[in-house]
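The next block holds one structure in the form of structure tokens; read it before the comments.
The values are calculated or read from the model by the stated rules, or taken from the named source; none is laboratory data. Note that the structure is predicted; figures quoted are calculated from it, not measured. Quick reminder, even Gly has a Cβ in these numbers, built from the backbone with ideal geometry, and neighbours come from all protein chains shown. Just the protein is used for accessible areas: all its heavy atoms, side chains included, with ligands, DNA and RNA removed. Shrake-Rupley method; radii C 1.70, N 1.55, O 1.52, S 1.80 Å.
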Amino acid sequence: MKNYSPQQLALRNGQDREEIWIAYKGIIYDVSNSRLWKNGTHYEHWSGQDLTDELKDAPHTERVFEKLKIIGKLTN
């Protein structure tokens, strides 16, 4: 699995490039094809960042990530 830095993840925010990625628990997921992430936002959440701490406020569980394509690992 390829490693990506937080800076590389930040570029995949739906604004700077076509890719829309998010990270959760150190894994980066592609949400580019999700209708819920159009323009890089999903309710009050922004793509291009680690959303691990934000899941507690979501109306769904982490199982939602099972449906997404894994891109790589988030490294610090």
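At a glance:
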{"item": "Residue in the range 57-66 that is aliphatic (A, V, I, L, M) and at pLDDT below 90 present", "result": "yes"}
{"item": "Count of the range 2-54 residues which are modelled with pLDDT of 90 or more and open to solvent by 100 Å² or more (accessible area, probe 1.4 Å)", "result": "3"}
{"item": "Qualifying residue in the range 55-76 (condition: in contact with a His (Cβ under 7 Å, 6 or more places away or on another chain), open to solvent by 50 Å² or more (accessible area, probe 1.4 Å) and either in contact (Cβ under 8 Å) with a residue 12 or more places away in the chain or at negative phi (or both))", "result": "no"}
{"item": "Residue, nearest to F65 (Cα to Cα), within the range 7-41, restricted to residues that are touching a Ser or Thr at 6+ places or on another chain (Cβ under 8 Å) and part of a helix (DSSP H, G or I)", "result": "W37"}
{"item": "Cross-chain or 6+ apart pairs with Cβ under 8 Å, the range 10-38 first and under 19 Å from L55 (Cβ atoms) and touching a residue at least 24 places away in the same chain (Cβ under 8 Å), then basic (K, R) and in a loop (DSSP other than H, G, I, E, B)", "result": "I20/R12; W21/R12"}
{"item": "In the range 56-75, the residues that are of a type outside the set (V, I, T), under 15 Å from I28 (Cβ atoms) and part of a loop (DSSP other than H, G, I, E, B)", "result": "L68"}
